[in-house]
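Structure first, commentary second.
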Amino acid sequence: MFSLHEPIDDALHAELEEYDDLTAALLARRGIETREEAERFLNPSYDEHLHDPLLMTDMERAARRLADAINTGERIAVWSDYDCDGIPGAVVLHDFLQKAGANFENYIPHRHEEGYGMNMDGIEALAKNGASLVITVDSGITDVEPIARANELGMDVIVTDHHLPGDELPAAFAIVNPHARVEDAYPFRELCGAAVAWKLVVATLTVEPTLREKIPLGWEKWLLDMVGLATIADMVPLTGENRVLATYGLLVLRKSPRLGLQKLCRGMRVEQRTITEDDVGFMIAPRVNAASRMGDARDAFRLFTTTDESEADELAKKLERANRQRKAEAGAITRAVHARLKEREVRSVIAMGDPEWRPALLGLVAGTIADEYERPVFLWGREGSGKLKGSMRSGGTVHGFELMNATIDTFEQFGGHAAAGGFTLKNDAVFFLEDNLVLALEASAPFQAGTGHARADAELAVSEATRGFLTKMERLAPFGMENAKPIFLLRGALVREVTHFGKSGEHLKLKLGSSDARASIDAVAFFAKGALAHTASVLEEGAPVQLLAHLERDAFSRGQPVRLRLLDLKVV
């Protein structure tokens, strides 16, 4: 059955004695060991807990160069990635440069036609258009050849990025990336791309005080809606400086005057004034990403920058349509994968593809299949460039990146981490991809990741799952990477009702009661699959169950009642 975390030791309990036992334990499990660290975590401060951007290597050089370009009317080009980090980062620099009266343009490469990062054709087009300074956002750190070409064409390049560098740093005018150099003195390395771009804005306002004639003191805080959006969507750790940026980003998102954001929220039935990290991760970010996956990322960029109400309305609807199309196409691919798996042996690694499958959707499908079959999944399709590209999801039992590394001759390129990654196949590799991966997995035990159930943070009775208790837990929000939502263990709850909902009945809802029949609560699992779906399929009313769950608000029901988000379930 499920287990609880060990209690914290007496010394740590004494250090955090001003907090209740559960809060103290949750703080300790997040690496917080002192009263000062606890105060900083629970009360993040814009003025006290953000670092000076000029501590970052090359930041002062980059800021001075950007300020000079603004002041002299040089043509500036902002080259950003097309995802929900690059797009918000592009908006940050667009709004700043527009406010500063700069001569500039935004360039966003087409996901399917150009691919990730800088490319020669795009650089040459910018040079032809008169650009003499290029600023990258969420890209550039591995673009050695395109940046060399920019230099040949007389353009300076400022790289702002957060990805890991390759073997060689590009010959850029300045490289602003906390991960670029081991010796970088910046105190926090885990910023997303949009946050690094925002730091450049703050640094430029610092090194060039005359810009304050056009940009009021504190105006840059309004850009935190985009920084917070990207910080949450890009799944960087929500610790340290990112916790501050996410917290204030949500505050600004709730008040943001952006017409496109307002229209998008209205179409999704999300209340803007109460936006949470879940709204960002599950509602807003998928629609922003759908723009590039299904069409043109510039639609998402224009949505956040337009000041025309009718254009904002149309773009919000366009992203909504793109997101529905994304779901439909991903669903079709998922059904195709299921059909193939029914016709053949399911091996220790699942690998398959189709030239008609859109690579941008395959991470979503691979995640679904990996969760269902509890094993690594590799899916590939063909991009507009003709390359065979795909996504890997590990299923939680295998270190996916190490598995790819063990079959390196199969891939032209690959990257990622334990749980997820992307790859480009060599042309003939489709014929033996699964064989190679299965052999590599069988030969190397180190690829196995830890398995087993997550431990619960505390035991909870149905009657204790109240609004007041949830409010206390929300002191630790925003939740995300390295600050996961607390997990609660409920023992002996009784199943009152079992229902399925959604177009295909893919979602699960349980009504749970206490043994004394004095309290009840709903528990839901969206896209229930794997062991959870199997257990639910044999549940009978009145059955006693033990479960792991998060506690949350049901934002779509009147009064936003408290409910459980099911993680795992067992019949007692």
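DSSP assigns beta bridges within region 344-447; of those with both partners inside it, close to 80 percent run antiparallel.
Here the 3J(HN,Hα) profile of region 237-242, calculated from phi with Karplus coefficients 6.51, -1.76 and 1.60 at θ = phi - 60°, is x, 8, 10, x, 5, 5 Hz, Gly and Pro shown as x. Pairs with C-alpha atoms separated by more than 21 Å, drawn from the list Lys99/Lys255; Lys389/Lys426; Lys342/Lys570, are Lys342/Lys570.
Beta-bridge orientation, the chain: approximately 60 percent antiparallel, per DSSP, counting only bridges with both partners inside.
In square nanometres, what is the average projected area of the Cα convex hull of region 66-188?
Details: hull surface 30.8 nm².
Over every viewing direction, the Cα hull of region 66-188 projects on average to 7.7 nm².
Averaging 1/r over every pair of different alpha carbons in the chain and inverting the result gives a Kirkwood radius of 25.5 Å. Inter-label distance, His507 to Glu6: 4.0 nm, where each label sits 7 Å from its Cα along the C-beta direction. With bins 10 Å wide beginning at 0, the percent of Cα pairs of region 344-447 falling in each bin runs 17, 56, 25, 2. With Cα atoms as the point set, region 79-127 shows a radius of gyration and Dmax of 11.5, 33 Å. Given a Förster radius of 45 Å and the C-beta distance between Val182 and Glu309 as r, what FRET efficiency does 1/(1 + (r/R0)^6) yield to the nearest 0.05? With a Förster radius of 45 Å, E is 0.35.
Taking R0 as 45 Å, what's the FRET efficiency between Arg335 and Leu217 from their Cβ-Cβ distance, rounded to 0.05? Let's see the in-between values first.
Numbers: r = 55 Å, r/R0 = 1.23.
In this case the efficiency is close to 0.20.
Distance between the C-alpha centres of region 169-189 and region 1-55: 29 Å, rounded to the whole angstrom.
Projected over every direction and averaged, the convex hull enclosing the alpha-carbon atoms of region 20-73 yields 5.7 nm². Applying both filters, DSSP loop and at most 15 other Cβ atoms within 10 Å, to the GluC sites (Glu not before Pro) of region 190-289 gives Glu271.
By count of other Cβ within 10 Å, fewest leading, how are Trp222, Trp79, Trp357 ordered? Don't jump to the answer; show the numbers that get you there.
Numbers: Trp222 15, Trp79 30, Trp357 23.
Placing the least packed residue first, the sequence is Trp222, Trp357, Trp79.
Stokes-Einstein at 4 °C, 1.567 mPa s, Kirkwood radius from Cα pairs: D for region 458-571 in µm² s⁻¹?
Working: Rh = 14.5 Å.
Stokes-Einstein gives a translational diffusion coefficient of 90 µm²/s.
Of Met268, Met59, how do they rank once you tally other Cβ atoms within 10 Å and put the fewest first? Intermediate values should be presented prior to the final figure.
On the way: Met268 19, Met59 27.
Placing the least packed residue first, the sequence is Met268, Met59.
Listed by chain and number, the lysines whose alpha-carbon sits under 20 Å from that of Lys472, ignoring those within fewer than 8 places in the same chain, are Lys485.
For the listed peptides 163-174, 136-147, a ranking on the average number of other beta carbons within 10 Å per residue, highest first, reads 136-147, 163-174. Based on alpha-carbon centroids, what's the gap between region 497-570 and region 71-142 in Å, whole number please? The two parts, judged by their Cα centres, are 46 Å apart.
Read the figures in this text as sums done on the coordinates, not as results from a lab. Here the structure is a predicted model, which is why all the values come from computation and not from measurement. For neighbour counting, all protein chains shown are included, and Cβ atoms are generated from backbone atoms with ideal geometry for every residue, glycine included.
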